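Report on the following structure.
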Amino acid sequence: MSTVIGVDAHKRSHTLVAANPLGRKLAQLTVATTSEGHTEAVRWARVRFGCDVVWGLEDCRNLTARLERDLLAAGQKVMRVPPHLMSRSRASSRELGKSDPIDALAVARAVLREPDLPIACHDECSMELRLLVDRREDLVQHRVALISRMLERIHQLDPAWAEPRNWEARKPREELKTWLATQQGLLAEIAHDEFDEIASLIDAAQVLERRIAGRVRQAAPALLGIQGCGDLTAAKIVAEVAGIDRFKSEAAFARHVGVAPIPHWSGDTARPLRPIRHGNRQLNVALHRIAMVQITHPGPGREYFQRRVDEGDSRQRALRSLKRRLSRVVYTRMKADSRDQGSSRRLPRLPRVMMLPLASLTSGEQPALGRPRALDSYQVALAARMRSYGDKPASIAAQLGVSVSTVKRVIALAEIPH
């Protein structure tokens, strides 16, 4: 790579800093967090540094998801930088303080120091599963909080009343509803309202579970074949992984999950490998759930766990070994599902202005920096391309940063049909 562009992302703006292979700062730019701002960022990068550019984004996808999609649709190579790598790179810098350019430069230097970082990629299936899984978890958390408050109110109304053990079963819920109808007072009224809200949350969560099950059975049938991996667990894994092909090996995937042991020794002192404390905790919990199911039911997982215990390992260490083994199985199954899906995954599209190939222009035709009042040959080509797609002059002028009259004059001279 000849140039790395680090990005410090915020809600309203993104700060870009370009660095050469030695980590020296070359230029910086601040753009808006819109598709037009991302278009300006790509145009700036192409003009200043050509096509051999790697983008480094701090891995906070609630802020960078739109930027990632736009960059990938524009044919850019994007790498995700974990926040702890960025903070360590900033701490090792000789420049004191904290600012957006400093953070963006730290991201770029982290990419240069760690060339094997995950490459960003998006597929429609994992994004939809992520939204559905997160929504269901929010509903479940809200339901648990309401049930806790309601049980307190039931105890105040009648300490002898036995609350239902399974709130998702309709029969105990109907019995509780009938009993609440016989109670009087404001406390009973509030409890009845909370009961109705709990029932609606349960029904909404069940609807989401059915939608999740339908999607994950199409997206990851091989993953569902693992013992202990149900619909919700498989959906959580697919959503958190966000594309298994971005991992170069199963060892890299295990490191990402947080189940790969790390060496811990110095000099002549030999110590066993230590468990890693980092990684994606959501994926780690999903693997732990699968491991616990396999331990409690007959099968290869239980046999492997018992063999490690018989060899002298503690139950905790045997469980870590089983989770490391399961990460290899999950990686293999997800790779098989990825091959089966093939070309069915599509990437989101950017505005058409970004689809104009820069290679068709000579070096003398590249635009100058800034926003000139008159259009150069590069901007004329962009205007012609956008107009051929049916964009109005006002929209073209807004994206090019010129007046509407200038765009209309260029359209008339170029004899572009209206």
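What is the residue count in segment 305-320 for residues that are surrounded by fewer than 19 Cβ atoms within 10 Å (Cβ to Cβ), small (Gly, Ala, Ser) and either in contact with a strand residue (DSSP E or B) (Cβ under 7 Å, 6 or more places away or on another chain) or not in a loop (DSSP other than H, G, I, E, B) (or both)?
Residues flagged as surrounded by fewer than 19 Cβ atoms within 10 Å (Cβ to Cβ), small (Gly, Ala, Ser) and either in contact with a strand residue (DSSP E or B) (Cβ under 7 Å, 6 or more places away or on another chain) or not in a loop (DSSP other than H, G, I, E, B) (or both) within segment 305-320 amount to 0.
Does segment 195-211 include one or more residues that are under 27 Å from Gln294 (Cβ atoms), out of contact with any strand residue (DSSP E or B) (no Cβ under 7 Å at 6 or more places or on another chain) and free of Cβ contacts under 8 Å to residues at least 40 places away in the same chain?
yes
Residues checked against (1) on the phi > 0 side of the Ramachandran plot; (2) surrounded by 12 or more Cβ atoms within 10 Å (Cβ to Cβ); (3) at pLDDT 75 or above; (4) not in a helix (DSSP H, G or I):
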residue: Lys323; (1), (2), (3), (4): no, yes, yes, no
residue: Leu350; (1), (2), (3), (4): no, yes, no, yes
residue: Met354; (1), (2), (3), (4): no, yes, no, no
residue: Gly370; (1), (2), (3), (4): yes, no, no, yes
residue: Gly390; (1), (2), (3), (4): yes, no, no, yes
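Going through Ala18, Ala73, Ala41, Ala45 one at a time, which residue ends up being buried (at least 18 other Cβ atoms within 10 Å of the Cβ), closer than 20 Å to Met127 by Cα and more than 16 Å from the chain's Cα centre (by Cα)?
Checking each option against the conditions leaves just Ala73.
Based on this model, can you work out whether Ser148 counts as surrounded by 11 or more Cβ atoms within 10 Å (Cβ to Cβ), among the polar types (S, T, N, Q) and not in a loop (DSSP other than H, G, I, E, B)?
When the stated conditions are applied, Ser148 does not pass them.
Let me spell it out: the conditions are (1) part of a helix (DSSP H, G or I); (2) basic (Lys, Arg); (3) over 30 Å from Ala242 (Cα atoms), and Arg165 meets all of them except one. Which number is the exception?
Of everything listed in (1) part of a helix (DSSP H, G or I); (2) basic (Lys, Arg); (3) over 30 Å from Ala242 (Cα atoms), Arg165 misses just condition (1).
Does Arg217 satisfy being over 23 Å from His278 (Cα atoms) and without any contact (Cβ under 8 Å) to a residue 40 or more places away in the chain?
Yes: the conditions hold for Arg217.
Name, by its number, the condition in (1) in contact with a Phe, Trp or Tyr (Cβ under 9 Å, 6 or more places away or on another chain); (2) open to solvent by less than 30 Å² (accessible area, probe 1.4 Å) that does not hold for Ala336.
Condition (1) is where Ala336 drops out.
Take the residues of segment 21-38 that are open to solvent by 30 Å² or more (accessible area, probe 1.4 Å) and among the hydrophobic types (A, V, I, L, M, F, W, C): which is nearest to Leu105 (Cα to Cα)?
Among them, the one singled out is Leu26.
I need a count of the residues in segment 223-266 that are touching a residue at least 40 places away in the same chain (Cβ under 8 Å), in a helix (DSSP H, G or I) and of a type in the set (A, V, I, L, M).
Counting residues in segment 223-266 that are touching a residue at least 40 places away in the same chain (Cβ under 8 Å), in a helix (DSSP H, G or I) and of a type in the set (A, V, I, L, M) gives 11.
Report, ordered by the first and then the second residue, all pairs with beta carbons closer than 7 Å, sequence separation of six or more or different chains, a first member in segment 11-30 that is more than 15 Å from Val54 (Cα to Cα), and a second member that is in a loop (DSSP other than H, G, I, E, B).
Every condition considered, the pairs that remain are Lys11/Thr33; Arg12/Thr33; Ser13/Thr33; His14/Thr33.
Residues of segment 280-304 being of a type outside the set (Lys, Arg), surrounded by fewer than 20 Cβ atoms within 10 Å (Cβ to Cβ) and in a helix (DSSP H, G or I), which ones?
Matches in segment 280-304: Gln282, Asn284, Val285, His288, Met292, Val293, Ile295, Thr296, Pro300, Glu303, Tyr304.
The values are calculated or read from the model by the stated rules, or taken from the named source; none is laboratory data. On a predicted model such as this, the values are computed, not experimentally measured, just so you know. Cβ coordinates were reconstructed from backbone atoms using ideal geometry, including for glycine residues, and neighbour counts include every protein chain displayed. The accessibility values were calculated without ligands, DNA or RNA, using every heavy atom of the protein model including side chains. Shrake-Rupley method; radii C 1.70, N 1.55, O 1.52, S 1.80 Å.
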